[in-house]
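The values are calculated or read from the model by the stated rules, or taken from the named source; none is laboratory data. All values derive from a computational prediction rather than experimental measurement. Cβ placement follows ideal geometry from the backbone for every residue including glycine, while neighbour counts extend to all protein chains displayed.
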Amino acid sequence: MKENILDVLMYLFENYMTEDLDTAKDEASLRTELQKAGFAQLQISKAFTWLEGLAALQGEPHTPPPGKRIPMRIYTQAEIDKLDVESRGFLTFLENTGVLDLTSREVVIDRVMALDSEDVDLDHLKWVVLMVLFNQPGREEAYAWMEDYVFEHSAGSIH
């Protein structure tokens, strides 16, 4: 049985999130299909809670005032424990290249912290970034770039 919330989220994203909204399934049928795919009910519920948290964090991008530098992100000890140096460096890279803005960076960090994993490796972080960008209005170009990046630089699907 698959026991990781991120596995459930990745399965949902790969199989359902890119469908046309008119053909998207309701939550009850998705839960049933996830159980048939081998996911535990507890992990399915946690994944839907995670997605609700992501939806609640949608918002307008926060950009620094003209002429102001982007503030440096200081990570808490809990964030350092969950995101290794490589992952934090990758977030900085995405921010410096404009893929993540201040808001999307914070949403990514929030959603990583909401995962039940003790640490999140770089490939899993890339999937979280992809899911966040998919759900951020006006970030279509950044999402497309990240989608290409994930499939070019990762193992791709883990299912």
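Numbers at a glance
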{"quantity": "Residues satisfying the stated conditions in region 85-129, i.e. farther than 27 Å from residue 42 by Cα and either part of a loop (DSSP other than H, G, I, E, B) or of a type in the set (Ser, Thr, Tyr) (or both)", "calculated": "87, 92, 97, 98, 99, 100, 101, 103, 104"}
{"quantity": "Neighbours by Cβ (under 7 Å, 6+ apart or cross-chain): first from region 116-133, under 13 Å from residue 147 (Cα atoms); second β-branched (Val, Ile, Thr) and surrounded by fewer than 20 Cβ atoms within 10 Å (Cβ to Cβ)", "calculated": "126/150; 127/150; 130/150"}
{"quantity": "Residues that are under 14 Å from the mean Cα position of the chain (by Cα), surrounded by fewer than 20 Cβ atoms within 10 Å (Cβ to Cβ) and over 13 Å from residue 139 (Cβ atoms), drawn from region 91-114", "calculated": "106, 110, 113, 114"}
{"quantity": "Residue match in region 62-82 (condition: modelled with pLDDT of 85 or more, closer than 23 Å to residue 142 by Cα and assigned to a helix (DSSP H, G or I))", "calculated": "no"}
{"quantity": "Region 35-58 - residue that is of a type in the set (A, V, I, L, M) and touching a strand residue (DSSP E or B) at 6+ places or on another chain (Cβ under 9 Å) and, of those, nearest to residue 17 (Cα to Cα)", "calculated": "47"}
